[in-house]
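The values are calculated or read from the model by the stated rules, or taken from the named source; none is laboratory data. All of these numbers come straight from a predicted model, not from anything done at the bench. All Cβ positions, even for glycine, are placed from backbone atoms using ideal geometry, and neighbour counts span all protein chains on display.
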Amino acid sequence: MGVSLNFVTTAPVPETVRRAIESDAEGLQYDWWSEALGVGPDRHGVGFLLGRTKLFLIGYSTEGGGFREVDPDDDSLMAWRDATFTISQLARWSREHDLEWELRCEGEFVGRVKYGAADQAALDFLAAMIAADPGPPESRPARTQQVAARYADRW
């Protein structure tokens, strides 16, 4: 298990929209930190679209059978990066398909994405995730690349 960002549409979606988003999600070219974003229909057949992505890696098994722990600061930075990317994808799908998404983390409401943008609660959630980051904001893209390279054996 682990900490995941979960999302669900606030209303049923047409089958054509569901298929388009599922296909788009499968084709995303992105170096996920812990787990790729997954999207699919609700299990009750009501027509809602839901999904999730695991945010924190914490540690992983290595090819040789060992276990490697991830530095908590590195893990937090990368979790924030994936959450930011995920919310941006939800915003794009919201804009393209006129959808509203509800976001949850650990069962708690953390925001909405509607009209193609994250609401203030979602932005606050992202800000809280990165609040303890010791580096300057402008260095985050370079640092996330360095962290991804440092743990390249996670796959």
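Some points to look at:
- Which listed residue is surrounded by 14 or more Cβ atoms within 10 Å (Cβ to Cβ) and out of contact with any strand residue (DSSP E or B) (no Cβ under 8 Å at 6 or more places or on another chain), from 27, 116: 116
- The number of residues in the stretch 19-37 that are free of Cβ contacts under 8 Å to residues at least 60 places away in the same chain and under 17 Å from residue 113 (Cα atoms) comes to 1.
- Boolean, residue 91 is surrounded by 13 or more Cβ atoms within 10 Å (Cβ to Cβ) and not in a strand (DSSP E or B): yes
- Within the stretch 55-87, the set of residues being surrounded by fewer than 20 Cβ atoms within 10 Å (Cβ to Cβ) and in contact with a strand residue (DSSP E or B) (Cβ under 8 Å, 6 or more places away or on another chain) comprises 58, 59, 60, 61, 62, 67, 68, 69.
- Criterion: modelled with pLDDT under 95 and within 22 Å of residue 25 (Cα to Cα) - qualifying residue of 101, 155, 93: 155
- Looking across the stretch 1-11 at every residue that is surrounded by fewer than 15 Cβ atoms within 10 Å (Cβ to Cβ) and more than 14 Å from the chain's Cα centre (by Cα), the one that is modelled with the lowest pLDDT is identified as 1.
- Test: residue in the stretch 35-45 that is buried (at least 18 other Cβ atoms within 10 Å of the Cβ), on the phi < 0 side of the Ramachandran plot, under 13 Å from the mean Cα position of the chain (by Cα) and not acidic (Asp, Glu): yes
- Check on residue 79, within 15 Å of the chain's Cα centre (by Cα) and without any contact (Cβ under 8 Å) to a residue 12 or more places away in the chain: no
- Enumeration of residues in the stretch 96-105 that are in contact with a strand residue (DSSP E or B) (Cβ under 8 Å, 6 or more places away or on another chain) and outside any strand (DSSP E or B): 99, 100
- Selected residue (criterion: nearest to residue 91 (Cα to Cα)) from residues of the stretch 110-125 that are outside any strand (DSSP E or B) and among the small types (Gly, Ala, Ser): 116
Here is a yes/no grid of residues against (1) touching a Ser or Thr at 6+ places or on another chain (Cβ under 6 Å); (2) at pLDDT below 95; (3) within 14 Å of residue 147 (Cα to Cα):
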| residue | (1), (2), (3) |
| --- | --- |
| 16 | no, no, no |
| 24 | no, no, no |
| 39 | no, no, no |
| 43 | no, yes, no |
| 49 | yes, no, no |
| 52 | yes, no, no |
| 74 | no, no, yes |
